[in-house]
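Colleague: What follows is a structure written as structure tokens; I'll ask about it next.
The values are calculated or read from the model by the stated rules, or taken from the named source; none is laboratory data. Not measured: the values here are computed from a predicted model. Because the Cβ atoms are built from the backbone with ideal geometry, glycine has one as well, and the counts that use them run over all protein chains shown. All accessible areas refer to the heavy atoms of the entire protein, side chains included, with ligands and DNA or RNA removed. Shrake-Rupley method; radii C 1.70, N 1.55, O 1.52, S 1.80 Å.
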Amino acid sequence: MDRAREGSLMPVPSWRSPLPRVVRRRPAGPARSRTTADDEGWHEGWLDVDGVRVFYRQGPTSDGVPIVHVHGFAISGSYLMPTARRLVDLGTNVVPDLPGYGRSGRTPRPLGIPELARNLQGILDGLGMDKVVLVGNSMGCAVSLEVAHADPGRVHRLVLVSPAGGLQNQPLPRALRQLAADVGRESRHMARVAVPDYVDFGAVNALRTFQELTRFPALERLVTVPVPTIAVLGDRDPLMPGPRRVREVQVLAHDHIAVVLIQGAAHAINFSHPGQLANVIRAWLTDQEIVDDPAEPGTARPLTPRRSSGDDPPGPADPATGTAS
């Protein structure tokens, strides 16, 4: 038996098999409802996705490619709102709670990352969004990467904020120590947002989902991602690799993958450093040079040269050799 699977809390999906291409499905009949907009033009609404009522927040309608924010494990999308509110002029922003999370309907069991990716595609279908920018955090990065691999024509660009998963977070006890260390490094205000979500999701469900995240092949998915991608890391995030490992990954990655470090940030950058993160996303989406915004907490430092989104990406890199096809 594979030692990595001994004592497993849940069946672990085989990440080695090719991802299926997902056929887009439009929900039958009326699927959406909305409440009154708040004073900033944000609405709340619900979608029926594979029989589950899914809650989402949507910003004011704006020109540009829609921006969809994807939350991490055991938590709702509420902590992503500080960053989303700063990007409303770039496109219509949407912050859903994935099925089983937050205010969305419950599922018989916590959905795995591939299932959450298919449900995210269902959310995009229900909202009528054919092409989007995905901004993921933590597990939301894994879900977003799965969507980008399964349906690259749907993802305009990909923003991976603190992309956890893979060897850096293995074995599970090591990942749990990393997670515990991160708790003490996050903004104290994060507890008011996160604790109710974690309690509602349940400790056993959270542990099972976190275990799957640690086994997600983050490096393999990242270095072969077929769309322009930026990874945003915090230098105080214990779940992320150190600078030396980041440089090694850069050797393997496509030329259309950029990396930015926000000094002073831990794992939940979307909540703790929304201004600096929004500054980075805005510059990258508009093909501007990424520079630090001295008015915002933290310091943004690009670790890779800026690339034009118009450049055709090279063939996939081999994670073992670093050779592009």
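Colleague: Mind checking which of Phe271, Phe216, Gln178 is farthest towards the positive end of region 162-273's charge dipole, using Cβ charges of +1 (Lys, Arg) and -1 (Asp, Glu) about the Cα centre?
Modeller: Gln178
Colleague: Next question, about the same structure. Assuming a ≥ b ≥ c are the square roots of the Cα gyration tensor eigenvalues, decide whether region 66-165 counts as rounded (a/c under 1.5), prolate (otherwise, with a/b larger than b/c) or oblate.
Modeller: Working: a/c = 1.37, a/b = 1.19, b/c = 1.15.
The shape class here is rounded.
Colleague: Also, quick follow-up: Which number comes out as Rg/Rh for region 242-286 once both Rg and the Kirkwood Rh are worked out on C-alpha atoms? Can you show the working numbers first?
Modeller: Numbers: Rg = 12.1 Å, Rh = 12.0 Å.
When Rh is taken as the Kirkwood radius, the ratio is 1.01.
Colleague: Name the shape class, rounded, prolate or oblate, that the alpha-carbon gyration tensor gives for region 183-278, where a ≥ b ≥ c are the square roots of its eigenvalues, rounded holds for a/c under 1.5, and otherwise prolate holds if a/b is larger than b/c and oblate otherwise.
Modeller: Judged from the Cα gyration tensor, region 183-278 comes out oblate (a/c at least 1.5, b/c at or above a/b).
Colleague: Accessible surface of Ser76 in the full protein assembly, 1.4 angstrom probe, to the nearest 10 Å²?
Modeller: Taking all protein chains as shown, Ser76 has close to 10 Å².
Colleague: To the nearest 10 Å², what's Leu90's accessible area with a 1.4 Å probe?
Modeller: Estimated to the nearest 10 Å², Leu90 gives 40 Å².
Colleague: Among 104-115, 284-295, what's the highest-first ranking by average C-beta atoms within 10 angstrom per residue? Write out the running numbers ahead of the final one.
Modeller: Numbers: 104-115: 17.3, 284-295: 13.7.
Sorting 104-115, 284-295 by mean packing, highest first, produces 104-115, 284-295.
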